[in-house]
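Chemist: Have a look at the structure that comes next, please.
No lab work stands behind these numbers, since they all come straight from the coordinates. Owing to the predicted nature of the structure, the values given are computational and were not obtained by experimental measurement. No Cβ is skipped: glycine too gets one built from the backbone with ideal geometry, and neighbour counts run over all protein chains shown.
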Protein chains: 2
Amino acid sequence: MTKSELSSVYRDYIACLNGQDWPSLGRFVHEDAKHNGERLGISGYRGMLERDFAEIPDLSFTIELLVADPPYVASRLRFNCTPKERFLGLDVYGRRVSFAENVFYEFRDEKIVQVWSVIDKAAIEAQLLHPGGRYGD
Amino acid sequence: MTKSELSSVYRDYIACLNGQDWPSLGRFVHEDAKHNGERLGISGYRGMLERDFAEIPDLSFTIELLVADPPYVASRLRFNCTPKERFLGLDVYGRRVSFAENVFYEFRDEKIVQVWSVIDKAAIEAQLLHPGGRYGD
């Protein structure tokens with residue numbers, strides 16, 4: 001795939017997540033997919049996403065920055081959402097939080113086969129401590 | 001700059017950090033540099049790095065994954081180090097920790113002008129709780 005084809009596939013993948021279109025997930029996720037070193041496959045990957053949406057009903061993925069260099073994509077995602085209960089071990093309980101995820105993907109056969117994700121937990125902690133602070137935008 | 005030139009400049013920047021070669025930092029960091037939204041300039045950027053090395057004497061940057069698409073670079077960095085006291089608000093106090101940083105850079109005039117960094121704080125927390133666990137490698 002060219003860089004622009006890979007970017008286009010990635011944007012379609014994000015649209016699939018935002019539409020919770022789980023029957024289409026197999027178009028984007030490889031059967032050998034790993035997430036942060038853990039082998040999930042398509043069913044495990046889908047299970048992870050379904051849990052995310054169950055815990056965060058207003059979850060939505062917004063691409064802030066996309067860097068593609070086949071077979072890799074790096075994406076900075078932005079979330080503005082209200083986790084219902086605890087999230088990443090933090091007592092969020094329905095408060096609105098804004099945070100980024102910086103995430104790398106390796107593609108194989110035009111599908112995601114490895115994900116290395118880091119979520120900005122420190123930004124969420126800062127918002128819970130100082131709700132009107134600079135991270136609260 | 002081409003993709004390979006940009007990657008090469010980025011590797012030289014990381015070598016500059018690992019050598020604590022602060023007089024050369026201005027070759028890589030723009031005078032308008034911002035880090036996670038905060039305007040630092042070269043002197044503020046250098047101050048941040050000098051503090052990092054003061055707090056973590058064995059600090060060393062290792063590139064695990066590099067994705068370049070001019071004017072952007074995305075890098076997954078790996079650290080194995082022993083922060084002397086508290087680190088990211090955690091009671092590390094000389095314990096050895098391993099963690100990743102997923103970080104994006106925007107270049108202008110062949111220099112870093114914006115950085116969006118997320119450090120895997122959750123991995124460090126897990127290691128402090130479970131020193132022999134899967135994150136302790």
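Chemist: Given the structure, is residue A:123 within 19 Å of residue B:100 (Cα to Cα), among the aliphatic types (A, V, I, L, M) and outside any strand (DSSP E or B)? Can you show your working first?
Modeler: Working: within 19 Å of residue B:100 (Cα to Cα): yes; among the aliphatic types (A, V, I, L, M): yes; outside any strand (DSSP E or B): yes.
For residue A:123, the condition - within 19 Å of residue B:100 (Cα to Cα), among the aliphatic types (A, V, I, L, M) and outside any strand (DSSP E or B) - is met.
Chemist: Continuing with this model, one more query. Would you please name the residue that is nearest to the other protein chains (Cβ to nearest Cβ), looking only at residues in the stretch A:82-103 that are buried (at least 17 other Cβ atoms within 10 Å of the Cβ) and more than 12 Å from the chain's Cα centre (by Cα)?
Modeler: Looking at the filtered set, the residue picked out is A:87.
Chemist: Assuming residue B:54 fulfils every condition listed in (1) surrounded by 14 or more Cβ atoms within 10 Å (Cβ to Cβ); (2) within 25 Å of residue B:97 (Cβ to Cβ); (3) not acidic (Asp, Glu) apart from one, which condition is it?
Modeler: (1)
Chemist: Output the number of residues of the stretch A:95-115 satisfying the condition of being touching an Asp or Glu at 6+ places or on another chain (Cβ under 8 Å) and farther than 25 Å from residue A:5 by Cα.
Modeler: Matching residues across the stretch A:95-115 total 2.
Chemist: Okay, next question. State yes or no: is residue A:84 among the charged types (D, E, K, R) and touching a Gly at 6+ places or on another chain (Cβ under 8 Å)?
Modeler: Against the criterion (among the charged types (D, E, K, R) and touching a Gly at 6+ places or on another chain (Cβ under 8 Å)), residue A:84 qualifies.
Chemist: Still on this structure, please answer the following. Filter the stretch B:107-119 down to the residues that are β-branched (Val, Ile, Thr), closer than 15 Å to residue B:25 by Cβ and crowded, with 17+ Cβ neighbours inside 10 Å and list them by number.
Modeler: B:112, B:115
Chemist: I've got another one for you. For the stretch A:3-20, does any single residue satisfy the condition of being within 30 Å of residue A:89 (Cβ to Cβ), surrounded by 13 or more Cβ atoms within 10 Å (Cβ to Cβ), touching a Gly at 6+ places or on another chain (Cβ under 9 Å) and of a type outside the set (Phe, Trp, Tyr)?
Modeler: no
Okay, residues lined up against (1) in a loop (DSSP other than H, G, I, E, B); (2) surrounded by 17 or more Cβ atoms within 10 Å (Cβ to Cβ); (3) more than 17 Å from the chain's Cα centre (by Cα); (4) basic (Lys, Arg):
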| residue | (1), (2), (3), (4) |
| --- | --- |
| A:1 | yes, no, yes, no |
| A:58 | yes, no, no, no |
| A:68 | no, yes, no, no |
| A:78 | no, no, no, yes |
| A:105 | no, yes, no, no |
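Chemist: Might you let me know whether the stretch A:22-30 holds any residue that is out of contact with any His (no Cβ under 6 Å at 6 or more places or on another chain) and either farther than 17 Å from residue A:111 by Cβ or acidic (Asp, Glu) (or both)?
Modeler: no
Chemist: So, in the stretch A:81-103, of the ones that are among the charged types (D, E, K, R) and in a strand (DSSP E or B), which residue ends up farthest from residue A:9 (Cα to Cα)?
Modeler: Taking the stretch A:81-103 as the starting set, the residues that turn out to be among the charged types (D, E, K, R) are A:84-86, A:91, A:95-96, A:101.
From what's left, in a strand (DSSP E or B): A:86, A:91, A:101.
Working: A:86: 32, A:91: 35, A:101: 19 Å.
Only one residue tops the list, namely A:91.
Chemist: Looking only at residues that are within 14 Å of chain A (Cβ to nearest Cβ) and part of a loop (DSSP other than H, G, I, E, B) in the stretch B:23-47, which one is farthest from the chain's Cα centre (by Cα)?
Modeler: By that ranking, first place goes to B:37.
Chemist: Looking at (1) touching a Leu at 6+ places or on another chain (Cβ under 8 Å); (2) closer than 24 Å to residue A:23 by Cα; (3) not hydrophobic (A, V, I, L, M, F, W, C), which is the only condition residue A:50 fails?
Modeler: For residue A:50, the exception is condition (1).
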